[in-house]
Amino acid sequence: MKIQKLFQKTLFGVFSLFGLISLSTSVLCIYTVDTHLSEEYESNSKDIAKTIADSSVDILLNRDLSALQSLIDQFVEIQSIRYIYITDEEGEFVAHTFVPGVPEEIRTGDRNNTVTVERSLPGMGDFVEVGSPILAGVAGTVHVGMDTDLIALKIQRAIGRQVYLISIILVVGVLAAIWFVNLAAKPLGDLLAYAVALARGPDNGADDTLLARDDEVGQLARLFLYFSEGVQAEGEQRVSSGNDG
Amino acid sequence: MRTITRRALLRSGLAWCAATPWLKPLRADADTDAGQPAPQMAPGVTDTEIVLGMSAAFSGPSRGLGIELYRGATAYFDHVNEQGGIAGRNVILKTYDDGYQPAPSVRNTLKLMLQDQVFLLFGYVGTPTVTRVLPMLKKFQDRNFFLFFPFTGAQPQREPPYGDFAFNLRSSYRQETAGLVDNFVRINRKRIAVFYQADAYGRSGWAGVRRALKHYGRQIAGEATYRRGTKFTASMRRQVEILKASQPEAVICIGSYAACAAFVRDAVNLGLQVPIANLSFVGSENLLKLLTHWALTEERGNSEQYTRFLVNSQVVPSYEEASMPAIQEYRDLMRRYNPQPPIELLKEPYLPSEHSFVSLEGFIDAKLMVEILRRLGDRPERSQLQQAVFTVQDFDLGIDERASFGPDRRQGLQQVYYTVVDEGRFVLLDNWEDRFA
């Protein structure tokens, strides 16, 4: 009964410890990945917007808009960049990557604003949009939309990998705990059975192999045997004294 | 004294024979035994062949464009080769499939330029593909690579910084869209919307429409896009709804046949009853085939309801105009050779059109290409190509317009034709008012 309780307490301890580790590392992981990825994507998007803005000047002033479209089509192939649009100095969309058309929210919004904004576009998802002026804004602006769902997906993947690792460690820990508890409990059980057998008296079928052990269990077994033999001798002495009397 | 045995002589002779082929390239610049310079051919040219490189769509929803262009060009090249070739050399068209996608077209071009070492590039299909290839021509300008007669009317290969590396025969999208807008405005259809492919091709046409409307102090009434590679089975309902909301009096489509046919189908089904124009790139016969087949299989009755509002601009005359010598020749040679697409590039079955505007364009491209190669003489050199092209002045191709080139004129033809569907085939539109007013 006591061993069972010890076993339960050990398992509870193992689960509690791993739960605490999982929770704390997951929270830390979410925070770290979210912060770092968001910062990194935003920074990359700003760089891309600036690169397009710098490259667009010559195209806007001297070349056909198909060259500009070709340029943004190459950038939108980059993972996490979901849309790009370029407006001229009058706010007209001169190149974009939207299908089937420019979303209402963007069409009616401030097209010359280059401040980073968060957008939720129906049917498309959630985005962080960064902007960059072309020729200090007198030739238009470039806007790059970064998919925040992708960041969420990356966080999920990172946490998933962590949970997977911790689960494996948990299973191994529990199996190890069970093995160790069993290892400790088995000699105690043998000792108990030996003591019970001794108590039943001579020719009781007690397992004498315990007496050969040189650990605490062996010492206790020998002690039980010693007491058992003492009690038995004392009993025989009392019987013979009674017969004599 | 050492004696020379017959066996030693034989061994030396064999060794010399074995070494000779390896020595040949090293001796290329050396004088021959006769004291004459050894002939050194330009890359892509041998005693028997001139190899041209072509990357085009032979697979995917736009495969009809690459295949028909190839068929038309091959009909003429086969004819020339049968007649003895150019200075005894057969014209060979080395082809690769890019599926109308930019990345494969860049890879194919690299292969054609560096590995296959073709003499020149010919008959590329599409704006998004060609615009990515142009910088490579500039990169390898020291090797004098030129792109001849791409199947696109976009501006990048017509103007700096890449205009010097390409020669165009067909009219530009700018000319096609300007013509369409002029005619629509003339018949009082001034609210013009644009349905276009979301890439460089679509943008090129969109810019052409915008530019033409600006001339009349107007703007594009509405616009909707689709992704390149969209199939006929896709729904265009959303695009039609967007355009319908702008209440257009005409729609100009800048796309390829599968997506444009899907748009026309849904537009008619949703009650958008206005003229719908398509540019030459669309592939008119394939568009018509899809609409006709759909109308028949869906038991929608006569396909006429889907085609009566169509007006397609073309950059070559109608293949029905057999009075023109080139058209008659095209029809004869297409019948005689019936060229098939390269079997190794075909990933899905394709039923070729007997005649089409695209194959006719390929045929006329090949006709002028052969003329230019002939003007290079017996020893064609890449470095002489540009000069040879500039000698083409008022050249009679056998159609109703003569081709001319020059340092400031890198597009041979300027004419745009307008066609409508009549009795299941495209015919020239002679009266816009009667048809659409």
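Rule-based calculations on the coordinates, nothing more; no lab input. The structure displayed is predicted, hence computed values, not measured ones. Using ideal geometry, Cβ is built from the backbone for each residue, glycine included, and neighbour counts are taken over all protein chains shown.
Considering only the protein assembly as shown, what is the antiparallel percent among its DSSP beta bridges, to the nearest 5?
Bridges in the protein assembly as shown are about 55 percent antiparallel.
Here the sum of -39500 (n - 2.57) over DSSP H runs of 4 or more residues, divided by the residues of the protein assembly as shown, equals -16500 deg cm²/dmol at 222 nm, to the nearest 500. Among B:258, B:245, B:42, the largest mean-square fluctuation in a Gaussian network model of chain B (Cα springs under 10 Å) belongs to B:245. Once backbone amide H atoms are built at 1.01 Å from N, residue B:223 has B:194 as its partners under 5 Å, excluding neighbours fewer than 5 places away on the same chain. Its Cα gyration tensor gives the protein assembly as shown an equivalent ellipsoid, and the semi-axes of that ellipsoid, as √(5λ) in whole Å with the largest first, are 77, 41, 25. Three principal axis extents of chain B based on alpha-carbon atoms, in descending order, are 107, 45, 40 Å.
In a simple Cβ point-charge model (Lys, Arg +1; Asp, Glu -1; nothing else charged), the protein assembly as shown has a dipole of about 1200 debye relative to its Cα centre. Here r is the Cβ-Cβ distance between residue A:231 and residue A:172 and R0 is 45 Å; the resulting FRET efficiency, rounded to 0.05, is 0.40. Here chain B carries DSSP beta bridges of which approximately 30% are antiparallel, counting only pairs with both residues inside. When only the Cβ of Lys, Arg, Asp and Glu is charged (+1, +1, -1, -1), the dipole of chain A relative to its Cα centre reaches about 940 debye.
Taking B:177, B:391, B:297 in turn, the Gaussian network model of chain B (Cα-Cα springs below 10 Å) assigns the largest fluctuation to B:297. Along the charge dipole of the protein assembly as shown, which of B:75, A:142, B:233 sits closest to the positive end, that is, farthest toward it, with unit charges on the beta carbon of Lys, Arg, Asp and Glu (+1, +1, -1, -1)? Farthest towards the positive pole: B:75. Every Cα-Cα pair in chain A was counted, and those over 31 Å apart are 58% of them. Rounded to the nearest 20, the Cβ-based charge dipole of the stretch A:21-156 about its Cα centre (Lys and Arg +1, Asp and Glu -1) stands at 180 debye. Going down the table (A:46/B:138; B:190/B:214; B:111/B:138), which pairs top 22 Å between alpha carbons? Where the Cα-Cα span goes over 22 Å, the pairs concerned are A:46/B:138.
Pairs of alpha carbons in the stretch A:21-156 separated by more than 17 Å make up 58% of all such pairs.
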